[in-house]
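Heads up: the structure comes next, in structure tokens.
No lab work stands behind these numbers, since they all come straight from the coordinates. Model, not experiment: these values are computed from the prediction. Here the Cβ positions follow ideal geometry from the backbone for every residue, glycine too, while neighbour counts run over all protein chains shown.
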Protein chains: 2
Amino acid sequence: MQLLKDKIRKYGKVKEGNVLKVDSFLNHQMDVSLFREMGKEFKKRFAGEEINKILTIEASGIGIACLVAEELQVPVVFAKKTQTKNIAGDVYTSKVESYTHGRVYDIIVSKEFLGEGDKVLLIDDFLANGKALEGLCALVEASGAELVGAGIAIEKGFQVGGEILRSKGIHLESLAIVDGMDEKTGEIMFRE
Amino acid sequence: MQLLKDKIRKYGKVKEGNVLKVDSFLNHQMDVSLFREMGKEFKKRFAGEEINKILTIEASGIGIACLVAEELQVPVVFAKKTQTKNIAGDVYTSKVESYTHGRVYDIIVSKEFLGEGDKVLLIDDFLANGKALEGLCALVEASGAELVGAGIAIEKGFQVGGEILRSKGIHLESLAIVDGMDEKTGEIMFRE
């Protein structure tokens, strides 16, 4: 998606350790007009698929998910991150290992809002090692819902997440795939 | 706002300890078409005010904030909750006491995205004791930005938050004010 790539080139900051900071428009300050265009683009890319629910994960996936949801006229459910030890039986739960924060946390979703008959599109802002997305897939599977696919704003193509998910046959659409970054020059290389 | 009150009456669940569960449409599963109408309503209620930024707090404020932001054609910034002890100097920080979780956490916002010249509307899903909103007000004040007002989906009118904020002269607009709940009958009383 050219508009997103342009934004990344213009406002993205390459930091040490393959970190791409896009917090001026994607995940701290949010450019909702960009999210609207992303919503339209996901609608095109998943045209023909039956989708009745979007599942995302707090916090930075929520904004994008809401705009996609409005395009598709479906509700959003967001999985909650928790470190609570005793989780009640009325939720599906999955473990996610955070690369950035170096810890494991649980994600939960209420059984009320995900289940058999649901046709679910996952939405998130970033895909790197794919741990969060794998966690969401596990929630969908546990619930008996059907996974339609996953829509990602920015995929780090040089990390393993995208490859793992595609090799499982998941319909993954990333609006911008970054194949490399140079922290010295600030250059960002996109996959064509 | 009648539509919101109707949803609360139809889908809200009154639980022990003055808890109002609205997670089927507001803060776990999210009815984005409702958020759109809320966005339009806030636009009306703050008509004539100059607003160039919306500030909310993760996670459940983000969805509503995005739809309001699209109506007002401004970006959203969401404050992040953190328990990190060492916070870098490039953020504004404030402490929030969580009534629900019985703990104190820090909220932060990058200095890059809030500052002098900003005219800020706060948006959140709930107002009860007002601690989160007071924290957001403190961030706005620390940044030198101007606080235009606060828009809330559901205010618990029998808790002190609304009164405290209004007594400070803050332009507070709540789309539904719950003045009482009966956990035995499930009845919910709204302020007229």
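Here are a few things to note about the model shown:
- Restricted to region A:47-79, and to residues there that are within 7 Å of another protein chain (Cβ to nearest Cβ) and of a type in the set (D, E, K, R), the residue that is farthest from residue B:33 (Cα to Cα) is A:58.
- Any hit, region B:82-101, residues being among the charged types (D, E, K, R), closer than 18 Å to residue B:53 by Cβ, surrounded by fewer than 21 Cβ atoms within 10 Å (Cβ to Cβ) and away from chain A (no Cβ under 14 Å): no
- Only a single criterion out of (1) free of Cβ contacts under 8 Å to residues at least 40 places away in the same chain; (2) under 14 Å from residue B:154 (Cα atoms); (3) over 18 Å from the mean Cα position of the chain (by Cα) is not satisfied by residue B:35, namely (3).
- Qualifying residue in region B:36-46 (condition: part of a loop (DSSP other than H, G, I, E, B), buried (at least 19 other Cβ atoms within 10 Å of the Cβ) and within 13 Å of chain A (Cβ to nearest Cβ)): no
- Here residue A:33 clears all of (1) in a helix (DSSP H, G or I); (2) away from chain B (no Cβ under 12 Å) except the condition numbered (2).
- Residue within region B:121-139 that is in contact with a Gly (Cβ under 8 Å, 6 or more places away or on another chain), more than 30 Å from residue B:36 (Cβ to Cβ) and of a type in the set (Val, Ile, Thr) present: no
- Single match in B:118, B:106 (criterion: crowded, with 16+ Cβ neighbours inside 10 Å and in contact (Cβ under 8 Å) with a residue 60 or more places away in the chain): B:118
- Those residues of region A:136-158 which are in contact (Cβ under 8 Å) with a residue 40 or more places away in the chain and part of a loop (DSSP other than H, G, I, E, B), in sequence order: A:145, A:158
- Any chance residue A:20 is more than 10 Å from chain B (Cβ to nearest Cβ) and within 15 Å of residue B:62 (Cα to Cα): no
- Test result for residue A:78, assigned to a helix (DSSP H, G or I) and not charged (D, E, K, R): no
- Scan of region B:47-74 for residues that are under 14 Å from residue B:153 (Cα atoms) and part of a helix (DSSP H, G or I), ordered by number: B:61, B:62, B:63, B:64, B:65, B:66, B:67, B:68
- Comparison of B:94, B:174 shows that the only residue that is in a strand (DSSP E or B), in contact with a helix residue (DSSP H, G or I) (Cβ under 8 Å, 6 or more places away or on another chain) and closer than 21 Å to residue B:42 by Cβ is B:174.
- Which listed residue, of B:79, B:132, B:128, is of a type in the set (Gly, Ala, Ser), without any contact (Cβ under 8 Å) to a residue 60 or more places away in the chain and buried (at least 20 other Cβ atoms within 10 Å of the Cβ): B:128
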